[in-house]
Amino acid sequence: MPTLYIPTIKQEQAHSEGIWCVAWSKSTNIIATGSLDTSIKLWNGATGELKHSLEGHSLAIVSVDFNVNGTQLASSSIDGTVRIWDTESYQCIQTITPSTGQSWTACFHPDGNTIATGSHNGNINIFNVTSGDLEQALATKQAFLMSVAYSADGKYLAGGAQDGSIYIFNLETNQLAHTLSTHSSAVRSLSFAPDNKTLVTANDDKCIYVYDAEHGQLASALTGHGGWILSVASNPDISKQQAVSSGADNKVKVWDLATRSIIETQEVHTDQIWGVAWHPDGNKFVSVSDDGSIQWYASSGST
């Protein structure tokens with residue numbers, strides 16, 4: 001019997017405008033949300049209580065990501081900057097200002113020393129967190145890179161492009177390992193499974209594609225959403241082999257990657273759902289929406 005996830009806590013008006021991104025710290029049980037209202041908010045992952053609001057960006061927040069121990073948060077914005085925040089002092093400790101269009105979504109390397117960002121010119125840019133300097137630019141084919149993700153072991157870095165291409169870099173060899181072109185619709189979200197080899201992607205063609213990142217092969221295509229798929233996240237519990245997705249159809253879906261089937265569908269938001277994120281134990285997740293709300297879910301066997 002597959003695990004079912006039950007809606008629990010809900011913050012109805014978490015932000016004054018739509019929420020575009022969410023992250024759940026692996027170590028501190030803090031949730032970060034970023035909004036069209038330009039603010040980032042930190043929430044108690046257990047109770048749903050607001051801990052702090054971070055101000056500094058001048059335009060909508062595109063992505064948020066915690067480092068592995070939860071002490072820092074990276075945020076990227078349409079204003080073109082990437083900010084690094086200390087999650088204990090709530091201070092911005094670094095502002096990275098790439099040249100115009102050279103940052104989009106941002107994510108921490110597993111060691112926390114660098115962040116990778118997608119860009120409008122197709123490069124994946126890697127910045128030093130401490131100095132803010134550009135360390136490396138990984139070139140693709142000049143298509144707007146909308147999403148980036150590291151494998152947890154730091155071996156692979158993947159980028160998803162507006163034209164549907166997916167680029168997988170092997171960071172051990174510092175080479176482009178695979179270019180995947182299964183479709184021609186935008187890849188809005190990427191997530192490595194905890195095996196560090198399975199890559200799950202969210203796409204505008206209403207499909208979730210699952211790839212073998214090691215060999216560069218398509219493993220499966222999952223259908224069920226009725227609109228663009230805006231976010232996907234792999235369950236960090238390797239024993240579950242699950243992913244959660246959210247879309248422009250206002251639905252959240254939990255998938256069994258082993259059987260390639262939908263476990264359940266949740267319809268608790270009234271507008272498109274831009275982000276989903278798992279608690280590190282794999283028994284809870286959250287979703288955020290253009291309706292301004294955050295919804296928590298817990299597995300039927302957890303508290």
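The values are calculated or read from the model by the stated rules, or taken from the named source; none is laboratory data. Bear in mind the structure is a predicted one, so any value in this text is a computation, not a measurement. Note that we place each Cβ from the backbone using ideal geometry, even for glycine, and neighbour counts take in every protein chain shown. The accessibility values were calculated without ligands, DNA or RNA, using every heavy atom of the protein model including side chains. Shrake-Rupley method; radii C 1.70, N 1.55, O 1.52, S 1.80 Å.
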Single condition Gly159 does not satisfy, out of (1) part of a strand (DSSP E or B); (2) open to solvent by 40 Å² or more (accessible area, probe 1.4 Å); (3) among the small types (Gly, Ala, Ser): (2)
Complete set of residues in the stretch 289-303 that are touching a Phe, Trp or Tyr at 6+ places or on another chain (Cβ under 6 Å) and surrounded by 23 or more Cβ atoms within 10 Å (Cβ to Cβ): Tyr297
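Please report, ordered by residue number, the strands (runs of 3 or more DSSP E) entirely within the stretch 183-265 with at least 1 residues that are basic (Lys, Arg), open to solvent by 50 Å² or more (accessible area, probe 1.4 Å) and under 21 Å from Tyr156 (Cβ atoms).
Counting at least 1 such residues, we get 187-192.
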Residue count, the stretch 7-31 (criterion: under 16 Å from the mean Cα position of the chain (by Cα) and either modelled with pLDDT under 95 or open to solvent by 60 Å² or more (accessible area, probe 1.4 Å) (or both)): 2
Pairs, first open to solvent by less than 40 Å² (accessible area, probe 1.4 Å) in the stretch 57-76, second assigned to a loop (DSSP other than H, G, I, E, B) and of a type in the set (A, V, I, L, M), C-beta under 7 Å, six or more apart: Ala60/Leu36; Ala60/Ile78; Val62/Ile78
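Per-residue answers, yes or no, for (1) touching a strand residue (DSSP E or B) at 6+ places or on another chain (Cβ under 8 Å); (2) assigned to a strand (DSSP E or B); (3) over 19 Å from Ala116 (Cα atoms):
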residue: Asp37; (1), (2), (3): no, no, yes
residue: Gly48; (1), (2), (3): yes, no, yes
residue: Ser58; (1), (2), (3): yes, no, yes
residue: Ser63; (1), (2), (3): yes, yes, no
residue: Val68; (1), (2), (3): yes, no, no
residue: Gly80; (1), (2), (3): no, no, no
residue: Ile84; (1), (2), (3): yes, yes, no
residue: Ile93; (1), (2), (3): yes, yes, no
Answer residue from the stretch 266-283, given it is open to solvent by 40 Å² or more (accessible area, probe 1.4 Å) and more than 19 Å from Ala152 (Cβ to Cβ) and is nearest to the chain's Cα centre (by Cα) among those: Trp274
